[in-house]
Amino acid sequence: MIAVSIPAAEPPRSPDKAHTVFRVEVLCNGRRHTVAKRYSEFQALHKRIKKTCKVPDFPPRRVPNWMPKVLEQRRQGLELYIRGVLYHNEELPQDVLDFLKVRQCQQDPKATSPPTIHLPSQRPVIGFCADPYTRPPGTDLLPNTVLSGVLQGLYLTRSRGPHQAAHPAPSPPGS
């Protein structure tokens, strides 16, 4: 399975370098690596694969690309695009694997979630301060009557013989 995110975009450092580099994090079979890609490289990939596999809409080029809001929109658009390519294709073209610098990776689209802009945070639904199944006996306010009855029925106490009932039979009236 391949998982991809683009956590950051690095704006141009100087006026003569007028291109932005996107940091693409790739997780494949438990191994993580980072690939630096420009918008034009994403665009070239899109042109190569759009006829051979399912691809989502490619995010449009916006100018000027050094404004923080525009960079963030472009980063989100490229992340949705590459996640969409991974999600909608069982067999990834070699161009995609080369773009992500992945040799060979099993891709199961049903194992990944469809691309979304805002991923939900993963928080535990319920938490325990201690293991609820390893409490010391006798901490309940009420005794567990069902459990006690089952244990008495299965395990007879030493004072009773194997053929004696757990409760003595009622004596007949008048005796």
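Provide the packing ranking of 33-46, 78-91, i.e. peptides ordered by the mean count of other C-beta atoms within 10 Å per residue, highest first.
On the way: 33-46: 15.3, 78-91: 18.1.
Most protected by this proxy first, the peptides run 78-91, 33-46.
Per residue of region 32-44, what does 6.51 cos²θ - 1.76 cosθ + 1.60 with θ = phi - 60° give for ³J(HN,Hα)? Whole Hz please, x for Gly and Pro, Karplus curve as stated.
Values, residue by residue: 10, 9, 10, 10, 9, 9, 8, 4, 4, 6, 4, 5, 5 Hz.
When all C-alpha to C-alpha distances in region 41-102 are sorted into bins of 10 Å, what percent of pairs does each bin hold, rounded to whole numbers?
In whole percents, the pair-distance histogram is 21, 51, 23, 4.
Working out 0.36 nm times the residue gap between LYS54 and GLU91, then minus their Cα-Cα distance, what length gain in nm do you get to one decimal? Present the calculation step by step, with values, prior to reporting the outcome.
Details: separation 37, 0.36 × 37 = 13.32 nm, distance 1.05 nm.
This chain segment gains 12.3 nm when fully extended.
Each value in this text was obtained by applying a stated rule to the coordinates, not by laboratory testing. Not measured: the values here are computed from a predicted model. Every residue, glycine among them, receives a Cβ derived from its backbone with ideal geometry; neighbour counts consider all protein chains shown.
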